[in-house]
Amino acid sequence: TLPVRIAVGGAGVEASVRAVHAQMNDLLRHEHAPLALAQQCSGVQAPAPLFSALLNYRHSVRGGKQPASRGAGRGVRVVERSNYPLTLSVDDVGDGFVLTVQVQGAVGAERVCALMNRALEGLVEALEVAPDRPLERIEVLPAEERRRVVEEWNRTERAYPRGVCIHELFEAQVRQRPGAAALVWEGVELSYAELDARANRLAHHLRGLGVGPESRVGVLLERGPELIISLLAVLKAGGAYVPLDPTYPAERLALMLADSAAEVLLSRSGQYAAPARSALRVVHLDEVAEALSSQPESPPRSGAAPQNLAYIVYTSGSTGRPKGVMVGHAEVVQLVCETDYVQLRPGDRVAQASNASFDALTFEAWGALLNGATLVGISRDVLLSAPALRQVLREERVTTLYQTTALLNQHTREQADVFASVREVLFGGQAVDAESVRRLLRSGKPRRLLHVYGPTETTAWCTYEQVEHVAEEAQTVTVGRPIGNARVYILDARLEPVPLGVGGEAYVGGAGVVRGYLERPELTAERFVPDPFAAEAGARMYRTGDRMRWRADGRLEFIGRVDEQVKIR
């Protein structure tokens, strides 16, 4: 197939049409070839279609046999089934035309006809009033539909605490309920006052080492009370924590510490040896326990503001070198305080089940501790066993749990009612196995099952869907609607909204969009782009690289990646 380009504009129209006519005459000398041969020569692997649209023009006679149709009218036949994404057959009956439209996918045939008609109207109008306008600039999305996908479905504004830091909201909870349980972990229980005192003592020690606003502190600890105390202490000292998984290879840990320019590392004896001549200050918490006991129990003056960094979390590196994502206090606060997808309150018991370097920890730890709830630690061995997890969830009276999609799939195969005692289960992180979700809904589902979606760059997640039913024929589960103060746009390559049901790249705007990538200004500029749809000046949106589409009911459906990225583990 040869490329055909039409230059619209003034005197060039006639020349372009004649050139295309001549080219088509030349091509018609080769119009017949077996489809199998064409497929073989194309390099496109079967059963993928060779082309996305087929136009079939044929001469017909009135009264002959016509294809079965539905919704036909004014010479248009709508037939849903097709071997290609779009097939348009034109039957020339001598004194008029009959159009037969066949489609595949999420956009119905009637809607395809309406969009094509709208595009043709726009083309004719542009030829008359603006012949020099590029074809790609002709608006085909109806104004009402554009308003719906850009504005109406992104009206997510909600109030949340502004102008405060994470540790300040925690300290407010300490003043309100000092004796309430803040942290429970395998026999260890700390009240809000006790957790505050221990974090304050470590925070004073960190201040003495020079930690303050924008300072980076590595935290290399196993999951447990000491980890939560350390994260809180770094924030109270004004710094930003860099969570590090002790199971990572030494080379990856060294890369993250060097890339983050961490000044201090909190760890335990024998877990990490700093390279020779390194400026990194390693604090072994087991060795400084006695010194910490003499530090004040009152909070230090942190000097941090809501726009300062709270933490830096590293991506998996599946697209190259791992990237440090910079997340501020304000982004975390909007995720967990006065939310619309969950309502966390005093007396709730939130499971801490995520890896320290996974951003779901942000929701678990600060969702609990900034709302007066109890953070309940669950060990790795329990997490990997459905019967054991079911028992612990019941015994610990867990109300809120986040699970990766992979673990949810595994657990529902082993014991479908594993989450029956939990008020709300959130899951996400990978493409969904619809059958696993159906199995869960049939056998002891939690009171609320929430499918959440969001890249790290939008602070954990930015959409949610309360899943109550999954049709038997469904292959996936929608990712729902934007959470409060998030905006999602499905755009084409020109950053223009695409019609309902049409796939495009997902861009996320709103209060959860983070500062960017640490020391990667070019990549930050590439992925964090100006938001042309926002009312506030300087607003940005994050380019996710995920293909999605809006459904007619206002829910978002994940399609796949725009690149060929494959995530392993």
Going through region 479-550, which GluC sites (Glu not before Pro) have at most 16 other Cβ atoms within 10 Å and a DSSP loop state? Glu519, Glu536
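If you take the square roots of the eigenvalues of the alpha-carbon gyration tensor of region 142-288 and sort them as a ≥ b ≥ c, do you get rounded (a/c under 1.5), prolate (a/b over b/c) or oblate?
Here region 142-288 falls in the oblate category.
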Please give the Cα centre distance for region 239-306 versus region 534-565, rounded to the nearest Å. 37 Å
If you consider only alpha-carbon coordinates, what radius of gyration and Dmax does region 201-267 have, in Å? 11.3, 32
Relative to the longest principal Cα axis of the chain, at what angle does helix 405-414 sit, 0 to 90 degrees, rounded to 10? 80 degrees
Label-point gap, in nm, between Met24 and Ser269 - each point 7 angstrom along Cα→Cβ: 8.5 nm
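With the cut-off at 14 Å, report for region 408-490 the share of all Cα pairs above it, as a whole percent. Spell out each step's value before the answer.
Values: 2119 of 3403 pairs.
The calculated P(r) of region 408-490 puts 62 percent of pairs beyond 14 Å.
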Distance in nm between pseudo-label sites at Leu255 and Ala119 (7 Å out along the Cβ direction from Cα): 4.3 nm
What is the chain's relative contact order, in percent, from Cα pairs under 8 angstrom and six or more apart in sequence? 10 percent
I need the GluC sites (Glu not before Pro) found in region 217-304, filtered to DSSP loop residues with at most 15 other beta carbons within 10 Å of theirs. Glu222, Glu287, Glu297
Dipole of region 401-546 (Lys/Arg Cβ +1, Asp/Glu Cβ -1, origin at the Cα centre): which of Gln415, Thr404, Cys462 lies farthest to the positive side? Gln415
Taking the Cα centre of the chain as origin, sum charge times position over the Cβ atoms of Lys and Arg (+1) and Asp and Glu (-1), and report the length of that vector in debye to the nearest 20. 520 debye
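Pairs of alpha-carbon atoms within less than 8 angstrom and 6+ residues apart define the contacts here; what relative contact order does region 209-333 have, in percent? Mind dumping the intermediate values first?
Details: 200 pairs, mean separation 34.6, N = 125.
With pairs under 8 Å counted, the relative contact order is 28 percent.
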Calculate I(q)/I(0) for the chain by the Debye formula, one identical point scatterer on each C-alpha and no solvent, and give its log10 at q = 0.06, 0.07, 0.10 Å⁻¹ to two decimals. -0.40, -0.53, -0.92
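Run the numbers for Arg301 and Asp417: contour at 0.36 nm per residue of separation, minus the present Cα-Cα distance, in nm. Provide the component values of the computation, followed by the final result.
Values: separation 116, 0.36 × 116 = 41.76 nm, distance 4.76 nm.
Taking 0.36 nm per residue and subtracting the Cα distance, the gain is 37.0 nm.
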Dipole of the chain (Lys/Arg Cβ +1, Asp/Glu Cβ -1, origin at the Cα centre): which of Gly303, Val103, His329 lies farthest to the positive side? Val103
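If the only charges are +1 at each Lys and Arg Cβ and -1 at each Asp and Glu Cβ, what is the size of the charge dipole of region 436-528 around the Cα centre, to the nearest 20 debye?
Details: 12 positive and 11 negative charges, 119 e Å.
Using Cβ point charges on Lys, Arg, Asp and Glu, region 436-528 gives about 560 debye.
Can you work out the FRET efficiency for the pair Arg397 and Ser42, with r the C-beta to C-beta distance and R0 = 56 Å, to the nearest 0.05?
Values: r = 60 Å, r/R0 = 1.08.
The calculated FRET efficiency here is 0.40.
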Extreme residue, positive dipole direction of the chain, given options Ser89, Tyr192, Tyr542 (C-beta unit charges): Ser89
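Would you mind giving the three semi-axes, in whole Å and largest first, of the ellipsoid equivalent to region 495-569 according to its Cα gyration tensor?
On the way: eigenvalues 101, 70, 20 Å².
For region 495-569, the semi-axes come out at 22, 19, 10 Å.
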Restrict the search to region 130-179; then list the trypsin sites (Lys or Arg not before Pro) that DSSP places in a loop and that have at most 13 other Cβ atoms within 10 Å of their Cβ. Arg155, Arg158, Arg162
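Any read-out appearing in this document is the output of simple, stated calculations on the displayed coordinates, not a laboratory observation. This one's a predicted model, so the numbers in the text were calculated from it and none came from an experiment. For neighbour counting, all protein chains shown are included, and Cβ atoms are generated from backbone atoms with ideal geometry for every residue, glycine included.
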